Amino acid sequence: MVKSLLAFAVLSGSLLLSSGCAVNPITGEQQLMLISEQQDIEIGRGYSPEIEKQLGGAVEDQALQNYVNHVGQKVAHVSHRSGFAYQFTAVEDKAINALALPGGYIFITKGMLEKLDSEAQLASILAHEVVHVVARHSSEAMSREIGISILLAAVASEGPPEGVMVAADLARQIMGLRYSRDDEKEADLAGLDYMVWAGYNPYGMVETMQMLQSQPGPRPPEFFSTHPNPVNRIEYITQEIQSQYYGLERFRRGEEDYRKAVLQRLKSPTE
């Protein structure tokens, strides 16, 4: 108990010393940030196994995982924080969702993959999540709604089962964090840049948002529970394409590759 309290005190002190302003590399504006980039990585690394578990575990198809990771790495490589060791994982959860942890740990659900039709659409979702990492939206949401000291203390704690139970509960809270609509708009527009810079047809993002907004049923897709839907989303994305990326419809769509690498394998996975 004393050891845990001492660890918590050290972590809290280090947070105070490291707190201050950081620069959002996308906007160039300063933002108040109570966590360092190294602590971003520690939190992502510490909680990614539990979150993967709660999302049903990784899809057991290495070829599919390699494809998703390849697309994600192309997008991450052109981002403003390409130095993070990004990891892109497809998980078994049937909800239509994607999730980004600090430090570059990104998950996309089987439910989302089944609804997409092309590699460009996949790139749009992964680019959107990469922006949340780059702009550190996840870190801001965690510090606001949970508290970074608590998160780091749980990651550093020893001695299951209490530590395991705390980590599992915090992982559920992380999965339920909501971004602001301003965060979402930034992730849309900077994500659009990233997917185009990686060589993808920008209309893949429009198609993805149309798919999400057209889902039937009384409840919206899980994606919108944590990624609130900004007003006029499709309109401002389309306007950005027409003003900044007009004529790039020839860029990669990848419908056939996506069908073979993802849709066919989800229906009948093979080695």
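The values are calculated or read from the model by the stated rules, or taken from the named source; none is laboratory data. As the structure is a computational prediction, the values presented were derived from the model and not from experiment. Virtual Cβ from ideal backbone geometry, glycine too; neighbours counted across all protein chains shown.
Take the conditions within 21 Å of Val206 (Cα to Cα) and small (Gly, Ala, Ser) and apply them to Ser124. Does it pass? Steps first, answer last, please.
On the way: within 21 Å of Val206 (Cα to Cα): yes; small (Gly, Ala, Ser): yes.
Yes: the conditions hold for Ser124.
Residue check: is Gly199 surrounded by fewer than 17 Cβ atoms within 10 Å (Cβ to Cβ), under 20 Å from Ser79 (Cα atoms) and in contact (Cβ under 8 Å) with a residue 12 or more places away in the chain?
Numbers: surrounded by fewer than 17 Cβ atoms within 10 Å (Cβ to Cβ): yes; under 20 Å from Ser79 (Cα atoms): yes; in contact (Cβ under 8 Å) with a residue 12 or more places away in the chain: yes.
Judged against the criteria, Gly199 is a match.
From the list Ala135, Ala95, Ala141, Ala100, exactly one residue is within 23 Å of Leu170 (Cα to Cα) and modelled with pLDDT under 90. Which is it?
Values: Ala135 fails: modelled with pLDDT under 90; Ala95 fails: modelled with pLDDT under 90; Ala100 fails: modelled with pLDDT under 90.
Residue meeting the stated conditions: Ala141.
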**Message:** Six or more apart or on different chains, Cβ atoms under 8 Å: show the pairs whose first residue is in segment 96-120 and crowded, with 23+ Cβ neighbours inside 10 Å and part of a strand (DSSP E or B) and whose second is modelled with pLDDT under 95 and of a type in the set (Asp, Glu).
**Reply:** Thr109/Glu222
**Request:** Please tell me if Gly254 is more than 17 Å from Lys185 (Cα to Cα) and over 23 Å from the mean Cα position of the chain (by Cα).
**Result:** no
**Item:** Qualifying residue in segment 55-72 (condition: buried (at least 22 other Cβ atoms within 10 Å of the Cβ), in contact (Cβ under 8 Å) with a residue 12 or more places away in the chain, under 16 Å from the mean Cα position of the chain (by Cα) and within 22 Å of Ile26 (Cα to Cα))
**Value:** yes
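Is it the case that some residue within segment 254-261 is touching a Lys or Arg at 6+ places or on another chain (Cβ under 8 Å) and surrounded by fewer than 17 Cβ atoms within 10 Å (Cβ to Cβ)? Please lay out each step first, then the result.
Within segment 254-261, the first condition is being touching a Lys or Arg at 6+ places or on another chain (Cβ under 8 Å), and the residues that meet it are none.
There is no residue in segment 254-261 that is touching a Lys or Arg at 6+ places or on another chain (Cβ under 8 Å) and surrounded by fewer than 17 Cβ atoms within 10 Å (Cβ to Cβ).
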**Item:** Pairs, first at negative phi and of a type in the set (Gly, Ala, Ser) in segment 178-189, second surrounded by 17 or more Cβ atoms within 10 Å (Cβ to Cβ) and assigned to a helix (DSSP H, G or I), C-beta under 6 Å, six or more apart
**Value:** Ala187/His128; Ala187/Val131; Ala187/His132
**Prompt:** On the given criteria, is Tyr194 over 30 Å from Gln62 (Cβ atoms), crowded, with 20+ Cβ neighbours inside 10 Å, at pLDDT 95 or above and within 21 Å of the chain's Cα centre (by Cα)?
**Reply:** no
**Message:** With the requirement that a residue be crowded, with 24+ Cβ neighbours inside 10 Å and either touching an Asp or Glu at 6+ places or on another chain (Cβ under 7 Å) or of a type in the set (S, T, N, Q) (or both), what does segment 73-90 give you?
**Reply:** Ser79
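Yes or no, residue by residue, for (1) more than 30 Å from Met142 (Cα to Cα); (2) modelled with pLDDT under 85; (3) in contact with a Cys (Cβ under 9 Å, 6 or more places away or on another chain); (4) polar (S, T, N, Q):
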residue: Gly199; (1), (2), (3), (4): yes, no, no, no
residue: Pro202; (1), (2), (3), (4): yes, no, no, no
residue: Gln210; (1), (2), (3), (4): no, no, no, yes
residue: Ile241; (1), (2), (3), (4): yes, no, no, no
residue: Pro269; (1), (2), (3), (4): yes, yes, no, no
**Fill in**
Selection over segment 245-255 where residues are at pLDDT 95 or above and in a helix (DSSP H, G or I) yields a count of 1
